[in-house]
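The next block holds one structure in the form of structure tokens; read it before the comments.
The values are calculated or read from the model by the stated rules, or taken from the named source; none is laboratory data. All figures in this text were calculated on a predicted structure; none of them were measured in a lab. Here the Cβ positions follow ideal geometry from the backbone for every residue, glycine too, while neighbour counts run over all protein chains shown.
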Amino acid sequence: MTGWDARPEPVAPSRWTFPPIDEWPEDDIIGVGADLQPPTLIAAYRRGIFPMIVETPEPVLAWWSPDPRGIVPLDGLRVTRSLKQSAKRFEVRVDSCFADVIRGCADPSRESGWITPEFVDAYTTLHRLGWAHSVEVFDRAGTLAGGLYGVRVNGLFAGESMFHRRRDASKVALMALVELMRESGMTLLDVQWNTDHLRSLGAIEISRGEYLRRLAAAL
């Protein structure tokens, strides 16, 4: 049984105040500090902001709103014939092992790893409250082959990270996520920054202003 369409538990108002949009700098970072408590995180996603650590040289919790912003249009996902064939080798589940997925994404051996134990704890708590979700891909032996996780707020899914241990497993997870979003009437899949990998799957870049307009509609 999945909690994908279950109503998440309410969160209290955040005790932190994010700066008004008209005071945001042109830089991608709009503020530093605060915490990773559920009220702070959900308030941030509703404003089009997400957290990530920066080294300055000490680790600092920063809040980001990239310009341009990477998204995957739900009608623009590129699925090749070979990817369709690969998908047949896997089984997809939702919210069956969130902790395993986020730990897979947080593997310290991965290049440019940024998911600290504090992030793992924070998003696992969001998952328990019904806000964070994972899509898991298993191989024929029943082993977790890859997956992704992120935060759902109404019609928004804010993708946080994905990983794979078998070829194409993370791509299959993304395929399944897009299908879930379509079935649920969702409209906005945020991937934060575009990359060559995401671009090959159909991700595009839009301006910060356009993202915020689409976010308002999704919420």
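Does residue 145 qualify as being of a type in the set (A, V, I, L, M), modelled with pLDDT of 95 or more and either out of contact with any helix residue (DSSP H, G or I) (no Cβ under 6 Å at 6 or more places or on another chain) or within 22 Å of residue 63 (Cβ to Cβ) (or both)?
no
Tally time: how many residues in region 127-144 are touching a residue at least 60 places away in the same chain (Cβ under 8 Å) and not in a strand (DSSP E or B)?
3
Kindly establish whether residue 8 is part of a loop (DSSP other than H, G, I, E, B), within 21 Å of residue 159 (Cα to Cα), touching an Asp or Glu at 6+ places or on another chain (Cβ under 7 Å) and at pLDDT 95 or above.
no
Residue by residue through region 168-201, note down the ones that are surrounded by fewer than 17 Cβ atoms within 10 Å (Cβ to Cβ), under 16 Å from the mean Cα position of the chain (by Cα) and in a loop (DSSP other than H, G, I, E, B).
Passing the criteria: 193, 195.
Looking at the structure I just gave you, is residue 52 of a type in the set (A, V, I, L, M), surrounded by fewer than 19 Cβ atoms within 10 Å (Cβ to Cβ), modelled with pLDDT under 95 and within 24 Å of residue 170 (Cα to Cα)?
No: the conditions fail for residue 52.
Condition check ((1) within 20 Å of residue 54 (Cβ to Cβ); (2) not aromatic (Phe, Trp, Tyr)) across all residues:
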| residue | (1), (2) |
| --- | --- |
| 90 | no, no |
| 97 | no, yes |
| 119 | yes, no |
| 123 | yes, no |
| 126 | no, yes |
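Take the residues of region 145-164 that are without any contact (Cβ under 8 Å) to a residue 60 or more places away in the chain and more than 16 Å from residue 215 (Cβ to Cβ): which is farthest from the chain's Cα centre (by Cα)?
It comes out as 145.
So which of 150, 70 is under 12 Å from residue 173 (Cβ atoms), touching a strand residue (DSSP E or B) at 6+ places or on another chain (Cβ under 6 Å) and not aromatic (Phe, Trp, Tyr)?
150
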